[in-house]
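Working notes for the structure below.
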Amino acid sequence: MKQNKYEIDMCHGTIMDKLISFALPLMLSSILQLMFNAVDVIVVGRFSGSQALAAVGSTTALINTFTNLFIGVSLGANVLAARFYAAGKEKEMSETVHTAITLALISGLVMAVIGQIFARGALELMGTPEDVIDKSTLYMRIYFLGMPFFMMYNYGAAILRAVGDTKRPLLFLIVSGITNALLNMTFVIVFHMSVEGVAIATVISQILSCTLVLRCLHHTEGCYQLRFSRLKIKSYYLKQIFQVGIPAGIQSIVINFSNVLLQSSVNSFGSVSMAGYTAADNLMGFIYVSVNAVTQACMSFTSQNYSVGNYKRMDKVLRNCMILSVAVATVMGSCFWFFGPQILRVYTNNPEVITHAMEIMSMAIFSCTTITYFLCGIMDLFPGALRGMGHSGVPMILSVIGTVGTRIIWIFGAFPHHRTLRFLFVCYPGSWAVTIILQVVCFWFVRKKVHRNYMSEA
């Protein structure tokens, strides 16, 4: 059912080259997004000082916690759209598109309101220091004004990913990201604004990326064409989106809650350590989003092949994704380990901040090059494959038990007796290793059931 040069036939032909063709633009999109976000960090760190840097950084885990339920739901839209597209169900595909975009608009408006009301209270609960909390609150409140546009872009991009189109979202992100970077420098350097400048720049860039993706869907010829007059939530499709998306969203929320606990533990060391964590976390984020792109590919490819009963190809997809994920994590992790101090100087000139960042990365990045992000990539692949088959609830529960449970035990049990940043971040590789074991067992049982059903039908 390939209709244009941007779409990918996920159900036929070779696998690895198509996985790379799908995952590479998505990987670049995610990396560019982080690079553009890093511009926020770099600009305020260099031109507004370490307090502004800490203020922006202290909001990351909290923003993710607030937004990840709705971002997780977009995965449900992606899976459902991929199924209908592969099966040639054009009417169902169209209804899914319009339901998803309407849901994105509503959820974005809800998040905008929540951000205005609860920003400061949530930051206070995290133990944000008094010297940065005013700036952190201001940044969050402005940032959340862009939530409707942020949500519609993510849901629109999820629809495009469902048909194999990851190239155009990349182009849209390049345009909006460059705009964000230029506005950052204009507001902060030229007009001497602080965190409010980078927040306003982010909102404007979100409006731009949203406009581009909606325009793309509107002008598309095919079953996923968007008509604004047909925007409406249909309960039948909403239920199916929620079945996959809500467990994924809850999983992201709970995992990010554990990251909030980590952020709170870092906050106890003061604003300089917070700034160091901000820079280190930004670097580690590049590795995570890269392996996550492979997970997204695994989910989309699995969903399409599952809808047409091509179960053996699903196994091949997972194996190829594991190879690709390991390769990406190893290469990127090695680069950051060897060149970490040099790269960190891009974020800040403060040697104390760099020292704290390297203290964190000496555990997290080292583990990444050898085990940690290797494990992280594998850990995410199995739930991705399961979601592609429509199984999202159990992987969510197992991720919460494995990842969050391990981190909570570590933060409240072991960390108080060894209060160093290096020791704190040992919880990353430990939690991922535990979760992998649980997810592999779950996948084995689901796979066995799927193949048994296939043999009985044959």
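The values are calculated or read from the model by the stated rules, or taken from the named source; none is laboratory data. None of the values given here were measured: they were computed from a predicted structure. Note: ideal-geometry Cβ built from the backbone for every residue, glycine included; neighbour counts use all protein chains shown.
Picking from residues in segment 391-417 that are hydrophobic (A, V, I, L, M, F, W, C) and surrounded by fewer than 17 Cβ atoms within 10 Å (Cβ to Cβ), the one that is farthest from Leu262 (Cα to Cα) is Ile397. Within the set Val97, Val73, Val56, the sole residue that is farther than 28 Å from Gly377 by Cα and of a type in the set (A, V, I, L, M) turns out to be Val97. Go through (1) of a type in the set (A, V, I, L, M); (2) more than 30 Å from Thr96 (Cα to Cα); (3) surrounded by fewer than 21 Cβ atoms within 10 Å (Cβ to Cβ) one by one and return the number of the condition Ala119 breaks. If we test Ala119 against (1) of a type in the set (A, V, I, L, M); (2) more than 30 Å from Thr96 (Cα to Cα); (3) surrounded by fewer than 21 Cβ atoms within 10 Å (Cβ to Cβ), just (3) comes out false. Picking from residues in segment 192-246 that are over 19 Å from Ala81 (Cα atoms) and assigned to a loop (DSSP other than H, G, I, E, B), the one that is modelled with the highest pLDDT is Met193. Just one of (1) in contact with a Cys (Cβ under 7 Å, 6 or more places away or on another chain); (2) under 30 Å from Val44 (Cβ atoms) fails for Val308. It is (2). Among the candidates Val254, Val289, the residue that is over 22 Å from Ala357 (Cα atoms) and among the β-branched types (Val, Ile, Thr) is uniquely Val254. Return the residues of segment 296-325 that are buried (at least 24 other Cβ atoms within 10 Å of the Cβ) and among the β-branched types (Val, Ile, Thr); say none if nothing qualifies. Of everything in segment 296-325, those that are buried (at least 24 other Cβ atoms within 10 Å of the Cβ) and among the β-branched types (Val, Ile, Thr) turn out to be Thr302, Val317. Taken over segment 72-97, the criterion of being within 14 Å of Ile233 (Cβ to Cβ) and surrounded by 24 or more Cβ atoms within 10 Å (Cβ to Cβ) is satisfied by Val73, Gly76, Ala77, Leu80, Thr96, Val97. Residues in segment 418-457 that are hydroxyl-bearing (Ser, Thr, Tyr) and either in contact with a Gly (Cβ under 9 Å, 6 or more places away or on another chain) or surrounded by 21 or more Cβ atoms within 10 Å (Cβ to Cβ) (or both): Tyr428, Ser431, Thr435, Tyr454. So in segment 163-189, with the set limited to residues that are touching a Phe, Trp or Tyr at 6+ places or on another chain (Cβ under 7 Å) and within 12 Å of Leu26 (Cα to Cα), which one is surrounded by the most Cβ atoms within 10 Å (Cβ to Cβ)? Once the filter is applied, the top-ranked residue is Thr166. Filtering segment 190-214 to residues that are closer than 24 Å to Ala158 by Cα, surrounded by fewer than 24 Cβ atoms within 10 Å (Cβ to Cβ) and aliphatic (A, V, I, L, M) leaves Val203, Ile204, Ile207, Leu208, Leu212, Leu214.
How about segment 345-447: which helices (runs of 4 or more DSSP H) wholly inside it have at least 1 residues that are modelled with pLDDT of 90 or more? Walk me through how you get there before you give the answer.
Numbers: elements: 351-370, 372-388, 393-399, 405-409, 421-424.
The qualifying helices (runs of 4 or more DSSP H) are 372-388, 393-399, 405-409.
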